[in-house]
Amino acid sequence: MLTPAKFFLVSLRPDKLLLVSILLSGLLVGACLAENDTDTDTDTDVAPVDLLSVDLLAAEVLPSKVSPAKIAIATATDLRQDALVARQMSAPIMLYFSDPACGYCRKLEKEIFLPMLRSGDYQDRVLLRKISWLSRGLLNDFDGSKQELRAIAQRYHVQVTPTMIFVDEEGTEIAKRILGYNGPDFFWFYLDRSIDEGQAVLLKRMQKN
């Protein structure tokens with residue numbers, strides 16, 4: 001039997017409000033764990049991890065603005081160049097680690113990232129880049145060196161997909177990461193919280209300088 005819930009309004013963006021129900025019971029965030037696959041040819045053992053447990057269960061989200069233009073999630077190819085762009089924006093970079101076989105990743109992209117990009121509400125707040133966490137493909141790292149995509153995932157100790165990590169122009173993590181995806185209901189809260197946290201860190205640095 002569900003425990004009593006409390007309801008309140010949370011403003012995530014100026015034009016959007018959430019009606020949030022907080023329950024005392026926990027909810028596991030959905031995520032894809034790595035499987036033993038000889039094709040990946042990696043020496044790193046991916047151990048099971050305790051997924052993020054949350055007690056925020058339900059929300060009603062107002063629909064986003066839809067643009068007729070075709071929208072795609074940008075794949076990370078040059079993190080050094082991305083760092084320059086993010087620095088000009090004074091915004092964090094969100095590294096989204098995914099896997100082609102991850103069903104949660106597909107749901108996350110369809111229900112969150114594509115609507116987010118279409119709305120335009122986040123274009124000045126965060127720079128989103130997608131990384132296939134087991135791929136041998138190459139990219140330019142923050143220091144300009146060539147690195148495999150899977151090496152980037154290993155550096156940040158990514159163990160499940162999807163994982164969202166928020167970094168500065170040097171690749172240093174500056175906000176609480178998000179592990180897994182269990183639907184759009186309360187994900188917007190976690191997304192905005194991490195983006196705001198990252199922006200606050202960058203703003204504080206600018207004020208010191």
Q) Which of the residues that make up the stretch 72-83 are closer than 15 Å to F113 by Cβ, outside any strand (DSSP E or B) and among the polar types (S, T, N, Q)? A) none
Q) Within the stretch 128-184, which residues are of a type in the set (F, W, Y), farther than 23 Å from I71 by Cα and in contact with a Gly (Cβ under 7 Å, 6 or more places away or on another chain)? A) F142
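Results for (1) in contact with a helix residue (DSSP H, G or I) (Cβ under 8 Å, 6 or more places away or on another chain); (2) in contact (Cβ under 8 Å) with a residue 60 or more places away in the chain, shown as yes or no for each residue.
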residue: M94; (1), (2): yes, yes
residue: K146; (1), (2): no, no
residue: L149; (1), (2): no, yes
residue: Q199; (1), (2): no, yes
residue: L203; (1), (2): no, yes
Q: Give the stretch 185-205 a look and list any residue that's of a type in the set (V, I, T) and either crowded, with 18+ Cβ neighbours inside 10 Å or under 13 Å from the mean Cα position of the chain (by Cα) (or both), or say none.
A: I195
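Within the stretch 160-173, can you find the residues that are outside any strand (DSSP E or B) and within 13 Å of the chain's Cα centre (by Cα)? Before you say what the answer is, go through the steps one by one.
Within the stretch 160-173, the first condition is being outside any strand (DSSP E or B), and the residues that meet it are 162, 168-172.
Once the filter is applied, which keeps residues that are outside any strand (DSSP E or B) and within 13 Å of the chain's Cα centre (by Cα), the stretch 160-173 yields only P162.
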Q. What about I165, is it surrounded by 18 or more Cβ atoms within 10 Å (Cβ to Cβ) and in contact with a helix residue (DSSP H, G or I) (Cβ under 7 Å, 6 or more places away or on another chain)?
A. no
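Give the residue, chosen from R193, R150, R129, R106, that is in contact with an Asp or Glu (Cβ under 7 Å, 6 or more places away or on another chain) and closer than 25 Å to L33 by Cβ. Reasoning before the result, please.
Working: R193 fails: in contact with an Asp or Glu (Cβ under 7 Å, 6 or more places away or on another chain); R150 fails: in contact with an Asp or Glu (Cβ under 7 Å, 6 or more places away or on another chain); R106 fails: in contact with an Asp or Glu (Cβ under 7 Å, 6 or more places away or on another chain).
Being in contact with an Asp or Glu (Cβ under 7 Å, 6 or more places away or on another chain) and closer than 25 Å to L33 by Cβ holds for just one of R193, R150, R129, R106, which is R129.
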Q) Has the stretch 78-92 got any residue that is farther than 16 Å from L33 by Cα, free of Cβ contacts under 8 Å to residues at least 12 places away in the same chain, in contact with a Leu (Cβ under 7 Å, 6 or more places away or on another chain) and of a type outside the set (K, R)? A) no
Q) Looking at K176, K110, K208, which is the one that is in contact with a Lys or Arg (Cβ under 9 Å, 6 or more places away or on another chain) and either surrounded by fewer than 18 Cβ atoms within 10 Å (Cβ to Cβ) or more than 18 Å from A74 (Cα to Cα) (or both)? A) K176
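Computed from the coordinates by the stated procedures, all read-outs in this text should not be read as laboratory data. From a predicted model like this one, the values you see are computed outputs, not experimental measurements. Because the Cβ atoms are built from the backbone with ideal geometry, glycine has one as well, and the counts that use them run over all protein chains shown.
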